[in-house]
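Encoded as structure tokens, the structure appears first; notes follow it.
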Amino acid sequence: MEKFILIPVFVQVLLTSAVMILMGRRRIRSAKNKEISISAFKTMNLTGANEQVIATSRNFDNQFQMPMLYMFSVLFTLQLGLADIAYVVLGGLYVALRIAHTIIHTGSNKVRLRFNVFLISCAVLWAIWIRLIIQALLA
């Protein structure tokens, strides 16, 4: 089961990489269209950048926030020898929700929908951590 718990982790890494590439492409296009100056990247002052550039940049930042708590949960689960199908399913669900969040955030950016998906992903992440805490304390 230890190998399977890593599949959602690998997908999360691919998601983060894909957002990074999308962010770069949108920033370059924005600079080429003279929407923002190249010097704006010195301090990452994206004032004047279009909504897509800003949303994609924020989404990339998001990939290093709550998803890091998921990554740590996987490390602890593996270290404690607790990996099972439930962690694989919960991890897969969490990463699927992160993908949905990214699609919304970098696409239509409907705030209410994005927020609801974010909250559901947080609930899944909390479920992972609550289960991990209980199992770790009872082990």
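The numbers here are math on the coordinates, done by the rules we state, and not lab data. In this text, all values refer to a predicted model and were calculated from it rather than measured experimentally. When we count neighbours, we look across all protein chains shown, and the Cβ atoms used for this are built from the backbone with ideal geometry, even at glycine.
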Which ordering of F60, F10 is given by a fewest-first count of other beta-carbon atoms within 10 Å?
F10, F60
Would you mind giving the average projected area, over all directions, of the Cα convex hull of the stretch 76-139 in nm² with one decimal?
4.3
Any idea what angle helix 66-79 forms with the longest principal axis of the chain, computed on alpha-carbon atoms, 0 to 90 degrees, nearest 10?
30
Compute and list, largest first, the equivalent-ellipsoid semi-axes of the chain from the alpha carbon gyration tensor, each √(5λ) rounded to a whole angstrom.
35, 14, 12
Relative to the longest principal Cα axis of the chain, at what angle does helix 111-138 sit, 0 to 90 degrees, rounded to 10?
30
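How big is the Kirkwood radius of the stretch 49-98, worked out from every pair of different alpha carbons and given in Å to one decimal? Walk me through the numbers before you get to the answer.
Details: mean 1/r = 0.0805 Å⁻¹.
For the stretch 49-98, inverting the mean 1/r across all distinct Cα pairs yields 12.4 Å.
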Using a Cα-Cα cut-off of under 24 Å, which lysines could be cross-linked to K42, ignoring same-chain neighbours fewer than 8 residues away?
K32, K34
Nearest 10 degrees, 0 to 90: what angle lies between the long axis of helix 6-32 and the longest principal axis of the chain (Cα atoms)?
10
Using the alpha-carbon centroid of each, what span in Å lies between the stretch 101-139 and the stretch 43-76?
15
Which aspartates and glutamates, if any, have their Cα less than 15 Å from the Cα of K110, not counting same-chain residues under 8 positions apart?
E51
Restricting to DSSP H runs of at least four residues, report the calculated mean residue ellipticity at 222 nm for the chain, -39500 (n - 2.57) per run over all residues, nearest 500 deg cm²/dmol.
-26000 deg cm²/dmol
Listing Y94, Y70 by rising number of other beta-carbon atoms within 10 angstrom, fewest first, gives Y70, Y94
Computed over all unlike Cα pairs, the Kirkwood hydrodynamic radius of the stretch 23-82 in Å stands at 13.4
In debye to the nearest 20, the charge dipole size for the chain, taken about the Cα centre with +1 at each Lys and Arg Cβ and -1 at each Asp and Glu Cβ, equals 660
Cut-off of 10 Å, at most 10 other beta carbons, DSSP loop: longest stretch of the chain lacking such trypsin sites (Lys or Arg not before Pro)
35-139
